[in-house]
Amino acid sequence: MVKQIQQVDQVVIRFAGDSGDGMQLTGERFTAQTAALGNNLSTLPNYPSEIRAPSGTIAGVSSYQLKFADHDVLTAGDPPDVLVAMNPAALKANLHDLRPGAIIIVNVDEFSRRGLSKAGYASNPLEDQSLESFDLHAVPITSLTVSSLTGIDVTRKEGERAKNMFALGLLSWMYQRPVEPTITYLEQKFAKKPLIAQANQAAFRAGYNYGETTELFAVAYEVAPATVAPGRYRSISGNVATSYGLLAGARQAGLRLFVGSYPITPATDILHDLVRHKRFGVTTFQAEDEIAGVCSAIGASFGGAMGVTTTSGPGLSLKSEAIGLAVTLELPLVIVNVQRGGPSTGLPTKTEQADLLQAMYGRNGEAPVAVLAARSPADCFDTALEAVRIATTYRTPVIMLTDGNLANGSEPWRIPDLDELPDFPVTFTTEPNGPDGTFLPFLRDPETLARPWAIPGTPGLEHRIGGLEKLDGAGTVSHDPDNHDLMVRTRAAKVAAIERTIPLLEVDDPPGPDGETARTLVLGWGSSYGPVAAACRRMRRQGATVAHAHLRHLNPFPRNTADVLRSYDKVIVPELNLGQLARLLRAEYLVDVVSYTQVRGLPFRADELVEALTEVIGR
Amino acid sequence: MTEQNAVASSNGAGRVSRPVDAEVAEGSRTRASVLTAKDLKTDQEVRWCPGCGDYAILAAVQSFLPELGIPREKYAFISGIGCSSRFPYYLNTYGMHSIHGRAPGIATGLAVSRPDLSVWVVTGDGDALSIGGNHLIHALRRNVNLKILLFNNRIYGLTKGQFSPTSEFGKVTKTSPLGSIDYPFNPLSLAIGAGATFAARTLASDRAHLTSVLRAAAAHQGAAFIEIYQNCEIFNDRAFDLLTKPESRGEWTVELTAGQPLRFGPGGTSAVVHDPDGFGLATKKNVADDDPGVIIHDPTRPDPSYAFALSRLGDDDPRLTPIGVLRDVELPTYEELMTHQVAGAEEAAKADLAKLFAGNDSWVVAPGGTHPRD
């Protein structure tokens, strides 16, 4: 039968199921199909911290959300238009995020008495009218999957495991995704198990055909390709983009990359990626703990490599003392902190922006470091590259903040031409710089205040550095009060001087419909960029006039930050913490910014922000 | 390999590899031939207490290093925190006085990324065995090519006299007025248990012995752990008198010499034998000259049980504490394995960053519109 195809400009789909149901894979495949069609997209995986939480329970629900559109997508974090729930727990855990009218597709085979009770349902929601306001489709996904495998010699259990591919097939039909890439993908993924490959392909096709032939689904949807800047694109996650940014940074600095890290969620994928790139001269060292990770990176930097350590919040706490050492040694060091919910172990797989003050101040003594934050998965590349530039140019530790949302989320990335990357080659010191052929390891460059980097193996420049206070210039141990005062102020001035080489803060401030200018600025940082920008756009469509700016450099701030803040009557700072950037801005600029915060382990939703921001503006 | 050869060669400069260029290496070779102990002194005033055992270790190291033929700039001495860890300030090589307990971590990063260097760690009993215990055991098990000098004075000196992880049970200190109830670490047992490929014990007060152990450690390819008994005159004076005073030492110390029977005592009439009642070694008095049960010392035995048993010999009678090289076995070093993997990968694929970035799944967007992937 010929079905109606409806054009829509954007769709948000959430696949939810048990953590063993393969929902992440399903989402990733749908993403790949969608990217191939030229839609712009953004993704939001959400999974439990237990590898295998009890099956069928709320705690074990894993989900993968993606939004795709015919325009540039700023956030995946909107309420889903479609929820695929593979069991009752997945329905229960995600239902509260849906708006009335949303499509729900449930795997009705799992709605047995046992399944319902594991999810804590007293009665069957498919039968008790509680889902009346939604467009509910109960599909026997498991049994349809099994019956589609007739003639393929797999066990019943193996067959049932292909049910995620049935769901993917159904959604692929609904949104008119191409089929062939997934067929090919399955063939390659299960190359060594051809029967499993066949089963998954059959289930995928069965799902697609089910959509096309049944009368349950009257409409298929089509989303036109987005118009984006020309170039070659690929889909990339934040952790992989961070890895690539570090590789590119080391290349542009002319250094070998050394990464010393300890596995920690959600940062480990950076290490997973970098270990595969030894051919680029990358040395990776899986250390015995977080402290050894950062210390090995410091040792490597002392030896002339670009030392990097990657971690998440609790690991950053453990590295504090060593980062302080790197501050006083004045050696390059990049610390990537993929923030997660805290304090302590907190919410390892959820997102938060609550390590900003730790990054700024979490060390003993006056120990300033540069702090950067990425705004989107692809932006992790540029931010990592910038972190290496600052670390090598100024011989300073740089803390780069991303978070769980950026780390696992993905979006299209315009692949840069290597020739267009900024160059910042490092020159090691090889000649004495003091009187009578002596070497003064703390004689600074007057412009950057950076000290010379003379590496072991360089004859005549043998010197000792350490955690004790150093005499200005000579670098020998000094307890002199005035010297200490000078050194503390000089280290602070060096980090402050970075502002000279960072871009000004740009403000997106279009005039209102009648030419009026904005009186309110919304200022964000890190991964809230997408939802905040989307919220500002929506408010403008509703007739509001609002300005939006976003900070990548958090220490030092761009040098026009004070001017920007003072150009508006009201400055609103939305953050996923209890107001950490707001606190910094108030302290630094004496501007009474309005703080809007959430700490739910999830990114902001643009629709919630519109409501909150509108309320603040109206005050 | 580079560093290993450099350390092992006694008659010339070590071979030099990346990342320092050849010109630098040429220059250093000339200088290395005239390197003397004096070249290794710095202009910093040495500030250990008068009578501290650390002076003797510094002097021994400064005298010994030139005989390795390695240019001065190829040495890096990394220390943690404590009296011993001031060491790098007084030695004119590259050096870092780092943070408490972390020297093995920093040295590992340096050694792994610069296998052309000779990297040494200077640490103490508190630094290495208390706050830094984790890093020590992992550096040893990985067989990183580090020479680790542990100055053991069995006390916290820099903080003015608290019991350390090697202080004897019952020791009265400022933080144990009723006597310490901590059972001490035996550093060699710990090191051997952690898989050290080289483990030795020596005395700060015996320059010749100390130098011979340094020589053996330098010749060893891989992690070398050296415990140096060192007297703290201020807070734990005479801790090692039994081993250092001629009246007890000369006769009783179990001196370890490869290929020699483990005999000691007046006229060599006592000896180390298999423990008839246990799994390890025991001492026996009045042993006949031709007793076949006397153990012949062999530090290269693959089974670490032998070296471990040796490390416990002084437990009951500290006079019988063995001095010398307990264990010295060959195992590929961490740097060798790492360098091999990196070099293999460099050869395996032409490093094309643009190709990596593009991945297998890219698509092109033309100006003014969109296209599906090509």
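Of note:
- Rounded to 10°, Cα long-axis angle of helix A:379-394 versus longest principal axis of chain A: 10
- Around residue A:97: net Lys/Arg minus Asp/Glu count, Cβ-Cβ under 14 Å: +2
- Estimated [θ] at 222 nm from DSSP helical runs (n ≥ 4, -39500 (n - 2.57)) normalised by residues in chain A, nearest 500: -10500 deg cm²/dmol
- Packing order of peptides A:139-145, B:227-233, B:281-287, highest average first: B:227-233, A:139-145, B:281-287 (average count of other Cβ atoms within 10 Å over each peptide's residues).
- Whichever lysines have a C-alpha closer than 17 Å to that of residue B:171, once near sequence neighbours (fewer than 8 apart) are set aside: B:160
- Relative to the longest principal axis of the Cα atoms of chain A, helix A:580-589 runs at roughly 40 degrees.
- Sorted ascending by nearby beta carbons within 10 Å, beginning with the fewest, A:491, B:201 become A:491, B:201.
- Cβ charges +1 (Lys, Arg) and -1 (Asp, Glu), total dipole of region A:13-68, debye: 160
- Cβ-defined net charge surrounding residue A:360, 13 Å radius [Lys, Arg +1; Asp, Glu -1]: -1
- Cα centroid separation - region A:17-34 against region A:480-501, whole Å: 50
- Simple point charges give the picture: +1 on the Cβ of Lys and Arg, -1 on the Cβ of Asp and Glu, and for the protein assembly as shown a dipole about the Cα centre of about 320 debye.
- Computed over region A:1-157, the range of Cα coordinates on each principal axis works out to 44, 41, 40 Å, biggest value leading.
- Based on alpha-carbon atoms, the Kirkwood radius and the radius of gyration of region A:366-516 give Rg/Rh equal to 1.09.
- Expressed to the nearest 5 percent, the antiparallel share of DSSP beta bridges inside the protein assembly as shown is 35 percent.
- Residues A:516, A:321, A:290, arranged from fewest to most other Cβ atoms within 10 angstrom of their Cβ, appear as A:516, A:321, A:290.
- Each Cα pair under 8 Å and six or more residues apart adds its separation to the average, and for chain A the resulting relative contact order is 12 percent.
- Coarse-grained scattering of region A:224-348 at q = 0.13, 0.20 Å⁻¹, given as base-10 log I(q)/I(0) from a Debye sum over alpha-carbon atoms: -0.53, -1.08
- Around residue B:285: net Lys/Arg minus Asp/Glu count, Cβ-Cβ under 15 Å: -3
- With Cα atoms, 0 to 90° folded angle of helix A:238-253 axis to chain A main axis: 30
- Ellipsoid equivalent to chain A - semi-axes via the Cα gyration tensor, in Å: 48, 28, 21
- Descending Cα extents along the principal axes, chain B, whole Å: 95, 49, 49
- As a proxy for reagent exposure, A:401, A:449, A:468 were ordered by neighbouring Cβ count within 10 angstrom, fewest first; the result is A:468, A:449, A:401.
- Given R0 = 56 Å, the distance between the Cβ atoms of residue A:229 and residue A:143 translates into a calculated FRET efficiency of 0.75.
- Checking the cross-link pairs A:319/A:470; A:470/B:245; B:174/B:284; A:67/A:278; A:350/B:355 against a 30 Å limit on the alpha carbon distance flags A:470/B:245; B:174/B:284; A:67/A:278; A:350/B:355 as lying beyond it.
- The largest-to-smallest principal axis extents of the Cα set in region B:87-175 are 46, 30, 16 Å.
- Here's the picture: charge each Lys and Arg Cβ at +1 and each Asp and Glu Cβ at -1 in the protein assembly as shown, and of A:449, B:96, A:534 the one pushed furthest to the positive end of that dipole is B:96.
Read-outs: derived from the displayed coordinates by stated rules, not from any lab. None of the values given here were measured: they were computed from a predicted structure. A quick note on method: Cβ atoms are made from the backbone with ideal geometry, for glycine too, and the neighbour counts reach across all protein chains shown.
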